[in-house]
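**Q** One structure coming up, written as structure tokens, with questions to follow.
The values are calculated or read from the model by the stated rules, or taken from the named source; none is laboratory data. Everything numeric here is computed off the predicted structure, so don't read it as measured data. Note that we place each Cβ from the backbone using ideal geometry, even for glycine, and neighbour counts take in every protein chain shown.
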Amino acid sequence: MIVLGITNNDLSGACLVRDDRILSAVSEERFTRIKDDKVWPAQSISFVLSEAGISLEDVDYVAYGWNAGFTAEKHLPLYFDRIVDEVKNNPDGLPLFRKRIADEISNDKEKRAEFDKFISDNALSAYYIDHHECHALGAYVCSPFDEALTLTCDGRGDFQSLTLTHYTPNETTVLQRETSIDSLGYFYGRITHLLGYKPNRHEGKITGLAAFGDPEKLLGVMRQMINVEDGRIRAKCGDLFLPSYNGYSDTLQTLLAQEKPEDIAAAVQRHVEDMLVKVVTYHLENIGTSNLCLAGGVFGNVKLNQRLREIPNVSNVYVLPCMGDGGLALAAAVGAAYLENGTRFKNPAMTLGPSARSVSQNINLINRDYPELGYHNPSNIIETLVDALMENQVLGMFKGKMEFGPRSLCNRSIVYHAKDADVNDWLNKRMHRTEFMPFGPVTAVEQAAECYIGWSEEQVAADTMTMTYDCHPQFIEASPAVVHIDGTARPQVIRPEADGFMHKLLNAWHSRTGQSALINTSFNRHEEPIVCSSQDALAALKEGMVDLVVMSESLIVWRKNKNSFALQRFE
């Protein structure tokens with residue numbers, strides 16, 4: 001069975017699944033070079049089909065994880081009870097409540113119509129999946145667990161903002177749903193916007209900023225906006241809270257005007273953590289399972305994911321690496337395959353995009369279009385790169401297939417040593433970024449346990465940089481560039497079967513220096529998508545974002561006469 005997954009809402013893209021394999025997946029922004037592009041994913045669809053050597057006529061289903069509609073079974077009891085609750089406890093909030101429902105009905109019509117037209121024009125079979133069911137299916141179907149509690153949480157989708165579902169091989173039971181009024185995604189995004197950042201994009205900056213603040217100071221204010229009551233998320237629509245990224249009352253702005261941004265960030269971070277810990281703990285105790293799966297944009301929050309992992313009854317956590325709405329193309333494709341045939345895709349690699357092309361192709365490109373660049377094929381590229389890192393060279397990794405999802409996992413990454421505590425300042429400036437979170441470390445599996453407290457080999461969430469860990473003191477001292485002010489880091493753990501090249505480089509670096517990590521940050525400028533093509537990578541090199549580009553695991557490229565390391569070694 002061949003399933004094409006498509007998403008065209010928020011970050012658009014496509015994924016192709018054939019039988020028990022995810023063949024490819026890519027986001028449209030990587031081709032258009034427009035961050036979070038919502039345009040119809042024509043190039044993504046063309047790419048995944050061409051990679052498989054098939055046409056649309058060969059596709060059995062086109063799966064879509066948006067706007068499956070309001071149903072009596074899923075939504076009517078939920079909204080009936082919630083409206084009664086609002087009438088009894090917060091009648092002044094009813095007009096705001098009603099506006100949220102009206103917005104929910106109208107918001108996705110244009111995008112759904114775009115998808116429906118594509119289906120009709122090409123005589124295809126559509127497979128509609130409820131938005132939060134799609135997130136949940138993506139997480140469970142791709143997890144290594146046979147049984148798991150799966151939590152979804154985001155701003156909104158198909159009249160919901162959160163679900164908890166218990167999956168076993170034979171049964172699926174939805175334990176809890178929450179309305180899009182009671183949205184933790186909107187709650188966190190509103191604070192993001194209030195602090196001057198773009199909601200639904202810059203929430204990671206708030207997570208990083210939170211470590212500098214006092215969470216207790218404004219926790220009471222946050223509880224007045226939204227809280228857990230008898231195990232349910234309950235927002236109080238009014239002056240302090242709206243289920244929207246827009247609209248801030250004078251009361252709220254006056255209340256927070258004199259507060260430090262870091263204290264506001266710390267309070268919203270702590271409150272979201274506390275609420276979801278309460279909800280998850282309740283259900284874990286009732287169903288007995290100890291595995292937790294996470295998906296939805298809220299779980300881009302790596303600190304939150306750590307808190308959930310640390311719940312006493314949780315033994316292991318899987319975070320779908322493409323956790324947000326941009327990952328719905330993959331989630332819909334694997335979800336449809338599971339619903340139709342029971343097919344699982346346990347712990348799939350995210351290297352699903354366009355390849356870096358061959359060495360000869362890249363050499364021909366450089367010779368033709370980049371006379372200002374030099375290149376060389378070292379006889380031992382691993383040792384050469386260790387030498388380069390020792391000489392403070394910033395490496396742009398452009399190899400293998402591009403990763404799908406928000407994290408660069410060393411195929412489209414910038415790599416540097418982790419010894420320089422000031423690197424977060426000067427390297428971010430080179431990339432025109434403003435960040436409060438330090439760069440993430442990449443560590444070989446053999447050294448991970450001595451770096452990250454509580455890490456164990458079965459914790460695959462750390463393979464894709466989806467969770468923070470408290471760090472051992474010796475690691476904090478040795479690798480200050482990748483440890484946050486609160487003593488945590490967001491690691492990528494490299495296993496040899498996943499990326500043999502980086503595994504060799506990390507172990508060679510460790511043998512030479514005793515250092516257990518290198519920096520891994522995404523290969524892109526601020527507000528631009530991660531590099532996709534050879535031209536994207538070489539343009540970054542020309543601009544001076546990196547010192548060397550490593551292409552296809554064997555070719556080193558640099559700017560002629562502008563790189564002292566290359567002058568000594570190659571020119």
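**Q** Considering each residue of the stretch 441-457, count those that are part of a strand (DSSP E or B) and closer than 21 Å to Ile311 by Cα, and give that number.
**A** So the count comes out to 1.
**Q** Going through the stretch 155-185 one residue at a time, which ones are under 15 Å from Val279 (Cα atoms) and charged (D, E, K, R)?
**A** Correct list: Arg177, Glu178, Asp182.
**Q** Right, here's the next one. Considering only residues that are of a type in the set (S, T, N, Q) and part of a helix (DSSP H, G or I), which ones fall in the stretch 198-217?
**A** Matches in the stretch 198-217: Thr207 only.
**Q** Could you tell me which residue of the stretch 248-291 is nearest to Ala102 (Cα to Cα), considering only residues that are surrounded by fewer than 20 Cβ atoms within 10 Å (Cβ to Cβ) and among the small types (Gly, Ala, Ser)?
**A** Filtering the stretch 248-291 for residues that are surrounded by fewer than 20 Cβ atoms within 10 Å (Cβ to Cβ) and among the small types (Gly, Ala, Ser), the one nearest to Ala102 (Cα to Cα) comes out as Ser249.
**Q** From the list Tyr245, Tyr188, which residue is surrounded by fewer than 22 Cβ atoms within 10 Å (Cβ to Cβ) and either more than 28 Å from Lys346 (Cα to Cα) or out of contact with any helix residue (DSSP H, G or I) (no Cβ under 7 Å at 6 or more places or on another chain) (or both)?
**A** The conditions single out Tyr245.
**Q** Here's a follow-up. Pull out all pairs, ordered by first then second residue, where Cβ-Cβ is under 9 Å, the residues are six or more apart or on different chains, the first lies in the stretch 450-467 and is at positive phi, and the second is modelled with pLDDT of 95 or more and part of a helix (DSSP H, G or I).
**A** Sorted first by the residue in the stretch 450-467, then by its partner, the pairs are Gly454/Arg309; Met465/Val302.
**Q** Has the stretch 427-448 got any residue that is among the acidic types (Asp, Glu), more than 22 Å from Glu28 (Cα to Cα) and free of Cβ contacts under 8 Å to residues at least 12 places away in the same chain?
**A** no
**Q** Just one of (1) among the β-branched types (Val, Ile, Thr); (2) in contact with an Asp or Glu (Cβ under 8 Å, 6 or more places away or on another chain); (3) more than 19 Å from Gly204 (Cα to Cα) trips up Val314, so point out which.
**A** Result: Val314 passes all but (2).
**Q** Look at the stretch 541-571 and say how many of its residues are under 16 Å from Ile381 (Cα atoms) and of a type in the set (A, V, I, L, M).
**A** Selection size over the stretch 541-571: 8.
**Q** Right, next: Counting residues that are on the phi < 0 side of the Ramachandran plot and among the hydroxyl-bearing types (Ser, Thr, Tyr), which helices (runs of 4 or more DSSP H) fully inside the stretch 355-440 reach at least 1?
**A** Because the criterion is at least 1 residues that are on the phi < 0 side of the Ramachandran plot and among the hydroxyl-bearing types (Ser, Thr, Tyr), the helices (runs of 4 or more DSSP H) in the stretch 355-440 that meet it are 359-369, 381-390.
**Q** Which condition breaks for Lys303 when tested against (1) buried (at least 24 other Cβ atoms within 10 Å of the Cβ); (2) more than 12 Å from Ala148 (Cβ to Cβ); (3) in contact with a strand residue (DSSP E or B) (Cβ under 9 Å, 6 or more places away or on another chain); (4) assigned by TED's automatic domain parsing to the domain that holds Ala148?
**A** (1)
**Q** Quick check on my filter: what residues within the stretch 222-238 are surrounded by 15 or more Cβ atoms within 10 Å (Cβ to Cβ), among the small types (Gly, Ala, Ser) and either farther than 11 Å from Leu184 by Cβ or free of Cβ contacts under 8 Å to residues at least 12 places away in the same chain (or both)?
**A** Selection gives Gly238 alone.
**Q** I'd like the full set of residues that are assigned to a loop (DSSP other than H, G, I, E, B) and over 22 Å from the mean Cα position of the chain (by Cα), limited to the stretch 25-66.
**A** Gly53, Ile54, Ser55, Val59, Asp60
**Q** Only residues that are in contact with a Ser or Thr (Cβ under 7 Å, 6 or more places away or on another chain) and either among the polar types (S, T, N, Q) or assigned to a loop (DSSP other than H, G, I, E, B) (or both): list them for the stretch 174-197, please.
**A** Gln176, Thr179, Ser180, Asp182, Ser183
**Q** Mind counting the residues in the stretch 499-550 that are surrounded by 17 or more Cβ atoms within 10 Å (Cβ to Cβ) and either of a type in the set (A, V, I, L, M, F, W, C) or in the same structural domain as His202 (by TED's automatic domain parsing) (or both)?
**A** Result for the stretch 499-550: 22.
**Q** Among the residues in the stretch 532-542, are any without any contact (Cβ under 8 Å) to a residue 60 or more places away in the chain and farther than 16 Å from Val386 by Cα?
**A** Yes.
**Q** Still on this structure: Run Leu164 past the list (1) crowded, with 20+ Cβ neighbours inside 10 Å; (2) under 28 Å from Ala349 (Cα atoms); (3) modelled with pLDDT under 95 and report the number of the one that doesn't hold.
**A** So the condition that Leu164 fails would be (3).
**Q** State all residues of the stretch 328-361 that are crowded, with 22+ Cβ neighbours inside 10 Å and either of a type outside the set (Gly, Ala, Ser) or modelled with pLDDT under 95 (or both); if no residue qualifies, say none.
**A** Leu328, Leu330, Val334, Met350, Leu352
**Q** What pairs come up if the first residue lies in the stretch 90-102 and is farther than 15 Å from Gln160 by Cα, the second is of a type in the set (Lys, Arg), and their beta carbons are under 7 Å apart, counting only those six or more places apart or on different chains?
**A** Once the first residue is farther than 15 Å from Gln160 by Cα and sits in the stretch 90-102, its partners that are of a type in the set (Lys, Arg) give Asn90/Lys236; Gly93/Lys236.
**Q** If you don't mind, there's one more thing I want to ask. Mind counting the residues in the stretch 4-18 that are surrounded by fewer than 24 Cβ atoms within 10 Å (Cβ to Cβ) and within 16 Å of Leu352 (Cβ to Cβ)?
**A** 1
**Q** Go over the candidates Ala489, Ala566 one by one and state the one that is under 30 Å from Pro371 (Cα atoms) and crowded, with 22+ Cβ neighbours inside 10 Å.
**A** Checking each option against the conditions leaves just Ala566.
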